[in-house]
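A short reminder: the numbers here are calculations on the coordinates, not readings from a lab. Note that the structure is predicted; figures quoted are calculated from it, not measured. Glycine gets a Cβ as well: all are built from the backbone with ideal geometry, and neighbour counts include every protein chain shown.
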């Protein structure tokens, strides 16, 4: 249990660092909120090697730390909305399909953007934001493929010692 906690702390730190690095690299293509999602490498890795619970925990920690340090309450709300929908859909697809980490990541990228778009539409009370949907969906697919490819390579290269004992035994719920 101590080892697992240490690994989750490490993955939280990695996700926070990736989020910070990404905030330093502005990608401006005329659509607000478009970014690669480097921090999702840690989340997808955890979803593959551990379970929903660990991935959700690290995701929330990362969003709150990055939001309080470099964002604002709206960025936290948008990120939590996207992350919640994304993680729920990725977990469902992982359990119910034979999707590879790349396919699961694409689902995550697309649904993350949908979650953020829905949150923005509710907050600003303006349905015309839906016009961003096609571009956000396209970028969700592109970034999902890139993050999925990177995660697949990391999963292949990192030894399974970074996997919890419960996962090795086929148990996905935390004890």
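For the peptides 104-110, 74-80, the ranking by packing is 104-110, 74-80, with the highest mean count of neighbouring Cβ atoms within 10 Å listed first. In whole angstrom, the range 49-98 maps to an equivalent ellipsoid with semi-axes of 24, 12, 6, each derived as √(5λ) from the alpha carbon gyration tensor and ordered largest first. On the basis of the beta-carbon distance and an R0 of 25 Å, residue 122 and residue 72 show a calculated FRET efficiency of 0.90.
Which whole-angstrom value gives the distance between the alpha carbon centres of the range 133-153 and the range 1-77? Distance between centres, Cα-based: 16 Å. Look at the Cα gyration tensor of the range 2-166: its axes a ≥ b ≥ c give a/c of at least 1.5 with a/b over b/c, and that counts as prolate.
Evaluated over the Cα positions of the range 1-83, the convex hull gives a direction-averaged projected area, one quarter of its surface, of 5.5 nm².
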